[in-house]
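Scroll down for the structure; my scribbles are underneath it.
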Amino acid sequence: MTASIKKFVVLFSICIGLFGCGNGYRQQGKVETTPMGHLKDVFKHDFLVGAAVNEQLIAGKDSLGLTLVIGDYNAISPENVMKWMYIHPEPESFYFGMTDKYIDFGLKNNLYIVGHTLVWHSQLPDYLNEVKDSFLMAQYLENHINTLVTRYEGKLDAWDVVNEALNEDGTLRRSIFSKYLGDNYIGMAFALAAKADPEVKLIYNDYNLWKPLKRKAVLRLVRQLQAKGIKIDGIGLQGHWSLKGPPLEEIEKSIVAFSDLGLKVHITELDITVLPNPWDLEGAEISQNFDGSSIMNPYKDRIPDSIQNALANRYQDVFRLFLKHSDKIDRVTFWGINDQVSWLNDWPIKGRTNYPLLFDRKYKAKIAYDSIIALKKEIASLYLN
Ligand code: G3I
C-alpha cells in the first residue's frame with residue numbers, strides 16, 4: 001500500500017472513529033458537523049483555516065478540543081509553548097517536550113504547522129533581559145533561531161520569525177533586541193531562519209496592521225529586506241478585532257498592499273471581542289492591563305442573542321472580505337479553539353467572560369460559525385447559477 005493511500009486510510013479511519021462524520025449541531029460529549037459541513041472543507045478552495053492550541057490541548061488533556069481541531073481545522077499555531085521563555089529557558093538549555101508533542105500532533109493529522117514565534121519582546125527568559133552587550137545578544141539570537149528552526153526543518157510549514165516589532169506610529173519598538181542590535185535584528189532573524197531551513201515560509205507578524213502608519217512601516221521593512229536579498233514570504237496580519245472595528249476598508253488596503261509586494265497574507269490571531277474596552281484599546285498591546293468596573297464585564301453569565309447576532313454579522317463581514325481576496329490570503333487562524341480558553345477573558349482586564357470565537361464553552365458551534373459557512377455557500381451558489 002503506497003504511503004499516500006496509507007495516510008488516507010489512517011485519516012479516514014480517524015474521521016470515522018472520532019466523530020462518525022455525521023450531521024447535526026455539536027453537543028457536549030459528541031462532536032458532529034453542522035448541516036453545512038466543517039470549516040476546513042467549506043473553505044478548502046479559499047485558504048487554510050487554523051486555530052491556536054494551548055498547553056492543555058497539546059498535552060492531550062482536552063480530548064474534545066483535539067476532536068474539534070481535527071474536525072474543523074487544517075492548520076495549527078502554538079499559543080505559548082514555542083515562546084522563548086518556555087522553549088529556551090536558560091542559555092544552554094532547551095525544553096522541547098511540549099513543542100515536539102505539538103509538531104507530532106500536526107504531522108499525525110496532516111495539519112499545516114506554524115511556529116510562533118522566534119523573536120518577540122514579550123515572554124522572554126530573564127537571562128535575555130540581562131544581556132549587556134551586542135556580541136552576546138547576537139550569539140543568543142543565532143543559537144536560538146538555529147536550534148529551533150533546524151530541529152523542526154521539514155516538519156513545520158511557516159515561522160512567525162519576528163512578532164510585533166513596530167510601534168503604533170510605525171517606528172521601531174524599543175526592545176532588548178533593538179537596544180543591542182538596532183533594527184538589524186529583524187533582518188538577522190529572517191536571514192538566520194532562511195539559512196537554517198531554506199524551505200520554510202518566513203512571516204513578519206503584528207497587530208493593528210490595518211493602521212496606515214503601521215502599514216507603511218511594514219511595507220518599508222519588507223522593501224528593506226527584499227533589497228538586501230533577505231527572504232520573507234508573508235505578513236501575519238493579526239485579527240484581534242471588535243464588533244465595531246477596525247474598518248474593513250483599512251484591512252482591505254493592507255491585504256492588497258502586502259500582496260502587491262509579492263507576499264502572501266496570513267490572517268493570524270483572529271478573534272472578535274464582544275466586551276467594552278476601558279480605554280477603547282485596539283489590537284493586543286500586551287503591556288497594558290486595567291482593573292475595570294463590572295460595567296466592563298456585562299455578559300458574565302450569558303451572551304444576549306443581540307450580541308450573538310452582532311458577532312455573527314461581524315464574522316460574516318470579515319469573511320466576505322477574506323473570500324474577496326482569497327487569492328492573496330494563505331491562511332485564516334483563530335486565536336484559540338473556543339470561548340473558554342480565549343486570552344480575551346483576561347485581557348485587558350483579568351477574569352472577564354468574553355465570547356470572541358466560533359465555538360462556545362461547551363465546544364458547540366455558535367451562529368457565527370454557521371454564518372460564515374452560509375456566506376460561503378451563498379457566494380458559491382452565485383457562481384453555480
Ligand atoms: O505559564 C504560566 C503558568 O505557570 C501559571 O500557572 C499561569 C497562571 O498565572 O500563567 C501561565 O502563563 C500565562 C501564559 O499565557 C501561558 O498560559 C501568562 O500568565 C499569560 O500572560 C500568557 O498569556 C499569553 C499572552 O500571549 C502573553 O503575552 C496568551 O495566552 C496568548 O494568547 C497571547 O498571545 C499573543 C501572541 O503570542 C502574540 N500576539 C498577541 C497575542 C495576545 O497577547
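If you go through region 47-71 and keep only what is within 16 Å of the chain's Cα centre (by Cα), within 25 Å of Val318 (Cβ to Cβ) and open to solvent by 20 Å² or more (accessible area, probe 1.4 Å), you end up with Leu48, Asn54. Only a single item in (1) aromatic (Phe, Trp, Tyr); (2) open to solvent by less than 40 Å² (accessible area, probe 1.4 Å); (3) without any contact (Cβ under 8 Å) to a residue 40 or more places away in the chain is not met by Tyr95, and it is number (2).
Can you name every one of the helices (runs of 4 or more DSSP H) wholly within region 125-194 that holds 3 or more residues which are open to solvent by 10 Å² or more (accessible area, probe 1.4 Å) and polar (S, T, N, Q)?
On the way: elements: 126-129, 134-151, 176-181.
Hits in region 125-194: 134-151.
In region 108-122, the residues that are among the basic types (Lys, Arg) form no Cβ pair under 6 Å with any partner that is within 16 Å of the ligand (Cβ to nearest atom) and open to solvent by 20 Å² or more (accessible area, probe 1.4 Å), whether six or more places apart or across chains.
The C-beta contact set for region 212-226 (first residue farther than 21 Å from Glu250 by Cβ, second residue aliphatic (A, V, I, L, M), distance under 9 angstrom, 6+ apart or interchain) comprises Gln224/Ile186; Gln224/Ile230; Leu225/Ile186; Leu225/Ala191; Leu225/Ile232; Gln226/Ile232; Gln226/Leu261. Only residues that are within 16 Å of the ligand (Cβ to nearest atom) and open to solvent by less than 10 Å² (accessible area, probe 1.4 Å) were counted in region 197-233, giving 9.
The residue that is farthest from the ligand (Cβ to nearest atom), counting only those in region 247-273 that are open to solvent by 10 Å² or more (accessible area, probe 1.4 Å) and assigned to a loop (DSSP other than H, G, I, E, B), is Gly262.
For region 345-372, enumerate the residues that are surrounded by fewer than 23 Cβ atoms within 10 Å (Cβ to Cβ) and among the aliphatic types (A, V, I, L, M). Outline the logic, then answer.
Let us first name the residues in region 345-372 that are surrounded by fewer than 23 Cβ atoms within 10 Å (Cβ to Cβ), namely 345-354, 360-364, 366-367, 370-371.
Within region 345-372, Ile349, Ile367 meet the criteria.
Restricting to region 73-99, name every residue that is among the β-branched types (Val, Ile, Thr) and away from the ligand (no atom under 11 Å from the Cβ). Walk me through it before giving the result.
Restricting attention to region 73-99, the residues satisfying the condition of being among the β-branched types (Val, Ile, Thr) are 76, 81, 87, 99.
Result: Ile76, Ile87, Thr99.
Only a single criterion out of (1) out of contact with any helix residue (DSSP H, G or I) (no Cβ under 6 Å at 6 or more places or on another chain); (2) more than 26 Å from Arg331 (Cβ to Cβ); (3) not small (Gly, Ala, Ser) is not satisfied by Met137, namely (1).
Just to be sure, is Gly106 surrounded by 19 or more Cβ atoms within 10 Å (Cβ to Cβ), small (Gly, Ala, Ser) and more than 16 Å from the ligand (Cβ to nearest atom)? Yes; evaluated as a whole, the condition is true for this residue. Answer yes or no: is there a residue in region 291-307 that is at pLDDT 95 or above, assigned to a helix (DSSP H, G or I), over 25 Å from Asp160 (Cβ atoms) and open to solvent by less than 10 Å² (accessible area, probe 1.4 Å). No, region 291-307 has no match at all. Output the residues belonging to region 129-161 that are charged (D, E, K, R) and within 25 Å of Lys108 (Cα to Cα). Within region 129-161, Arg151, Glu153, Lys155, Asp157, Asp160 qualify.
The values are calculated or read from the model by the stated rules, or taken from the named source; none is laboratory data. This is a predicted model, so every value here is computed, not measured. Virtual Cβ from ideal backbone geometry, glycine too; neighbours counted across all protein chains shown. The protein model used for the area step is the full one, side chains on, heavy atoms only, and it has no ligands, DNA or RNA in it. Shrake-Rupley method; radii C 1.70, N 1.55, O 1.52, S 1.80 Å.
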